[in-house]
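The values are calculated or read from the model by the stated rules, or taken from the named source; none is laboratory data. Note that this is a predicted model, so its numbers are computed, not measured. Ligands, DNA and RNA are stripped out before the accessible areas are found, and what is left, the full protein with its side chains, is counted by its heavy atoms. Shrake-Rupley method; radii C 1.70, N 1.55, O 1.52, S 1.80 Å.
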Amino acid sequence: MFHDYLRGSLEALLFAAGEPLSVAKLAEIMQLDKPQVWELLSLLEREYEDEKRGLYLRKVAEGYQLCTKEQHYELIKQLARSQEMKLSNAAMETLAIIAFKQPVTRSEMEAIRGVKVDGVVNTLLEYGLISETGRKDSIGHPILYGTTDKFLITFGLNSLKDLPEFPDILSEHENEPEQMSLMAEFNEELNKTEETEDL
């Protein structure tokens, strides 16, 4: 009975960690001796050998990690596909404007893009990539928008200083025909940054 409880605790730790945990680390957290942890790991490993179970215990990087079994790969891939963040070109262009001009109002975004941005701004808010940062001290006090920490995490940036270098693009070209090609260039650079991280 006591082993069942400890096995459950071990399973919970491995699940919560996600990354491999060493026997020493497990022993430290669970306040057990290493031989006791080895025994619990063996019990857990045997339990996962049952074909009805969807997980298995993998020894990797000098530690142990819970992983999904290979036969469930296609199912897991479907989940990943359904959770993948999809941004249209319009959303990427608007996100680029916000990233460089923040804090920025919807009307300022529309002046740069030349089209309404209500839909894409709502999408970006829903994804948590941008947020309201206050109101502009002007007529009507329009809402100001800026990027969030999730934006940095999604595109693998440590801070906004890590954004691709495009000096004064948005201020110099806001009303010029070439603005959209410049935005497309920024999008390409931002996508390159995104591709270096697993979204």
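With 0.36 nm allotted per residue and the present C-alpha distance subtracted, the GLN36-LEU160 stretch has 39.9 nm of extension available. Counting protein heavy atoms only, the stretch 1-149 has 52 percent of its accessible area on carbon and sulfur, 1.4 angstrom probe.
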